[in-house]
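Below is one structure, written out as structure tokens; comments come after it.
Readers should treat all values here as calculations from the given coordinates under stated rules, not as data from a laboratory. No experiment lies behind these values; they were computed from the predicted model shown. Note: ideal-geometry Cβ built from the backbone for every residue, glycine included; neighbour counts use all protein chains shown.
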Amino acid sequence: MKLLKKIFFFSIFYFFSINISLSDTHNLQEILELIQSDIKTLEKAVYSENFRSKNENENFSNQSETEDALTRHLLKLSEIEGQFQNLTNNFEEINFKLDKLSTRLSKIQADNQLRFQQIEKNINKNISLEVEKSTQNSNVDNDIQILPGSTEPQDLGSVSYKDMASKTEIQETQSIDTTSSVVTENFITEEKILPDVSPEKQYEFATSFLKIGDYNTAERAFREFVKTNSQHSLAGNAQYWYAETFRIRQLYTDAASAYLEGYQNYPKSEKAPINLLKLGVSLVQIGEKDQGCLMITGVKKQYPEAKESVIQKAKYEEKKFECKKNNS
């Protein structure tokens with residue numbers, strides 16, 4: 001505004017000066033129009049300068065606001081990244097728990113199948129025993145009707161009823177012992193089940209029983225494979241699956257013995273790291289926690305190049321059984 005006042009006074013002064021010098025040649029109206037035009041030009045110049053400074057201030061403030069917004073977005077992205085990482089960890093943990101739950105369900109299924117088979121065998125055995133007892137009782141009743149209290153004469157040296165009853169009991173006991181020994185011999189001298197093919201085909205044949213859940217037959221097949229092909233490259237794997245048939249059925253003592261045999265005989269096989277880990281877990285489950293923890297913590301030391309899943313599983317079991325606290 002001060003600048004405009006100065007311009008205005010300067011214009012008036014200029015007007016009077018021109019009016020004095022050019023009073024004879026120019027019209028007053030033309031001079032006023034000239035002054036008015038100069039004032040408009042000056043106003044435009046001043047307005048343009050103010051507008052430019054205002055735009056610069058607005059641009060600076062907009063730039064500051066843009067930088068603040070960018071910083072807030074970066075912080076939000078960092079927070080989202082952390083949340084996504086937590087979700088990934090939770091997903092991996094849930095996946096591991098589902099795998100463990102699936103293994104437990106397989107154990108329960110195998111155990112129930114084994115128990116049902118045992119119950120069925122016991123029922124059939126009881127039925128046969130009852131039939132045998134009823135037959136023997138009918139024979140004894142016939143003897144009672146003839147010998148004791150009979151009016152028929154008996155020769156000297158004939159056997160009394162009491163002697164016959166005692167001999168009958170002895171004969172029954174001997175028959176039961178003989179039957180049990182025969183059953184044991186049949187179990188020990190069981191027939192071979194592996195087909196007469198290459199070791200690779202035999203290994204696939206034994207593995208097929210695991211896939212269908214027939215762990216009893218799988219146990220026999222893998223045991224026969226290890227005995228027949230003890231020097232084959234798949235013998236270590238077969239020994240591991242042989243031990244697994246016991247672990248799935250929760251026969252942890254037999255499983256620990258089979259894992260130990262695999263650890264001693266096949267320390268360089270493909271399944272050696274997981275075999276050592278399962279050996280440690282089985283020892284803990286049968287009460288040998290110190291030895292089991294040594295095996296679990298020794299997986300990474302003895303097999304540093306093992307699969308990452310095996311190393312992570314060993315860490316999980318070590319934490320689960322509190323092996324570090326126990327060692328300290």
Report task. Would you kindly state how much longer the chain becomes between residue 192 and residue 95 on full extension, computed as 0.36 nm times their sequence separation minus their alpha carbon distance, in nm to one decimal? Result -> 30.9 nm
Query raised in the report: How many nm is it between the label spots at residue 68 and residue 30, if each spot is 7 Å from the Cα in line with the beta carbon?
Result: 6.0 nm
Report task. Among the trypsin sites (Lys or Arg not before Pro) in segment 251-290, which ones are in a DSSP loop with at most 12 other Cβ atoms within 10 Å of the Cβ? Mind listing them? Result -> 268
Query - Contour excess over end-to-end distance, with Cα ends at residue 105 and residue 80 and 0.36 nm allotted per residue - result: 5.3 nm
Query raised in the report: For the peptides 280-286, 78-84, 240-246, what is the packing order when you average, over each peptide's residues, the other Cβ atoms within 10 Å and list the highest mean first?
Result: 240-246, 280-286, 78-84
Query - Exceeding the 28 Å Cα-Cα cut-off - candidates 227/268; 100/121; 76/324; 227/313; 121/313 - result: 100/121; 76/324; 227/313; 121/313
